[in-house]
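The values are calculated or read from the model by the stated rules, or taken from the named source; none is laboratory data. In this text the structure is predicted, and so the values were computed from the model without any measurement. Positions of Cβ are backbone-derived with ideal geometry, glycine not excepted, and every protein chain shown enters the neighbour counts. Calculation scope for accessible area: heavy atoms of the full protein, side chains included, ligands and nucleic acids excluded. Shrake-Rupley method; radii C 1.70, N 1.55, O 1.52, S 1.80 Å.
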Amino acid sequence: MKILITGVAGFIGSALALRLLARGDEIVGIDNLNDYYSVELKKARLARLAPFPTFTFTRLDIADRGAMAALFKAHRFDAVMNLAAQAGVRHSLIDPYAYVDANLVGFVNLLEGARHHGVGHFVFASSSSVYGANTRQPFSEHDPVNHPVSLYAASKRANELMAHSYAHLFRLPCTGLRFFTVYGPWGRPDMALFLFTRGILNGEPIKVFNQGRMVRDFTYIDDIVEGVVRVIDQPATANPHWSTDTPDPATSNAPFRLYNIGNNRPVELMEYIRVLENCLGRKARIDMLPLQPGDVPSTIASIDDLTADLGFRPSTSVEEGISRFVAWYQEYFLAGGNDARNSASA
């Protein structure tokens with residue numbers, strides 16, 4: 001297949017591209033290489049993809065309407081995987097316009113390209129953040145999610161609604177993936193595992209919010225990639241049993257689907273830190289802080305649909321996943337001579 005991956009220099013994008021290239025797909029990757037975090041880390045991810053002759057990279061911003069129209073005119077994609085977005089719950093309190101440009105304007109540009117150029121499957125990254133003020137857990141795709149608690153979450157929920165409208169109007173198969181706290185080698189420096197590792201190794205206090213009373217469905221990068229690949233290969237179809245009297249948010253009478261991809265093994269944050277301490281052989285200095293605006297104390301994924309429809313359940317334990325991350329971190333930053341402090345700055 002010929003697949004467009006947006007945000008290909010990102011954590012998930014680069015890992016997904018590597019997997020698809022290895023199985024023989026042709027990948028066109030785009031990324032604007034913004035400086036939300038280290039551009040050098042993004043370039044290092046791209047360097048892993050460069051040896052593949054079926055990989056093409058273009059520096060491009062999905063918010064650039066003209067450039068996106070030209071891209072779709074130049075290629076005929078079998079599938080699109082949209083991973084380009086302005087990430088980060090907390091950053092949305094600081095720079096809301098970045099989320100409008102990338103997550104809303106850019107998303108429409110992609111939908112329009114897919115609509116007009118015969119894309120067979122439009123897949124996009126959503127987020128567990130869309131569950132917002134919901135407290136019934138595990139979070140189910142079949143529950144309403146109408147109360148986001150951050151602009152980031154609102155923009156991701158908007159993506160789901162926008163995609164459904166295109167699925168309905170133009171019969172464009174669309175699948176949204178709600179990722180749950182992704183971690184692992186080559187990860188994002190603004191995420192907890194990266195920040196905790198750097199802080200512990202530097203002997204600095206690590207910030208732990210909500211006094212440590214946090215639970216997350218930490219999901220290892222390889223499990224995320226496996227789930228995404230399976231989704232790409234199975235375009236969304238209409239649900240023949242969908243009812244307008246009792247509308248199911250996860251499906252539709254249009255070719256539209258939503259899936260959670262989470263580990264389905266919730267871990268308390270303090271246990272997560274203890275596993276990291278064991279892997280590093282050092283104790284953390286902890287600065288306990290209150291819950292931050294826009295954050296939620298617990299995220300747990302129901303993956304019943306993922307298992308039933310795609311035959312997949314993430315299986316990597318946090319012990320195994322953190323161990324692999326630490327090995328990569330030590331090789332990349334400590335043995336490789338890269339500047340961990342600069343690369344981890346947001």
Work out Dmax and Rg for the range 1-96 from the C-alpha atoms and quote the Rg first, both in angstrom.
13.4, 41
Expressed in angstrom, Rg and Dmax over the Cα atoms of the range 204-289 are 19.6, 57
Between Ile286 and Val108, what is the label-to-label distance in nm when each label sits 7 Å out along the Cα-to-Cβ direction?
4.6 nm
What fraction of the Cα pairs in the range 26-169, stated in percent, has a spacing above 28 angstrom?
24 percent
Long-range share for the range 101-250, i.e. C-alpha pairs more than 22 Å apart as a percent of all pairs, stands at 51 percent
Under 5 Å, built H, 5+ apart or other chain: amide partners of Arg178
Ser126, Tyr259, Asn260, Ile261
Which of the aspartates and glutamates could a cross-linker span from Lys42 if the Cα-Cα distance has to be under 13 Å and same-chain partners fewer than 8 positions apart are dropped?
Asp31
Return P(r) of the range 128-183 (all Cα-Cα pairs; 10 Å bins starting at 0; whole %; ordered from short to long distances).
23, 50, 24, 3
Quantify, in whole percent, the carbon and sulfur part of the accessible surface of the range 235-346 (1.4 Å probe; protein heavy atoms only).
49 percent
Whole-number value, in Å³ per residue, for the convex hull of the alpha carbons of the range 64-131 is 83 Å³
Given a 1.4 angstrom probe, what's the average accessible area per residue across the range 222-302, in square angstrom?
47 Å²
Given contacts defined as C-alpha pairs under 8 Å and at least six residues apart, what's the relative contact order of the range 54-146, whole-number percent?
35 percent
Please compute the modelled spin-label separation between Arg274 and His116, points set 7 Å along Cα→Cβ, answer in nm with one decimal.
5.7 nm
Compute the distance from the alpha-carbon center of the range 288-305 to that of the range 33-106, in whole Å.
26 Å
What do the square roots of 5 times the Cα gyration tensor eigenvalues come to for the range 1-47, in whole Å, largest first, as semi-axes of the equivalent ellipsoid?
20, 10, 7
Shape box of the range 269-340 [Cα atoms, principal axes, largest first, Å]
44, 33, 22
What order, most packed first, do the peptides 184-192, 30-38 have when packing is the mean number of other Cβ atoms within 10 Å of each residue?
184-192, 30-38
Whole-number percent relative contact order across the chain, with pairs defined as alpha carbons under 8 Å at least 6 apart:
19 percent
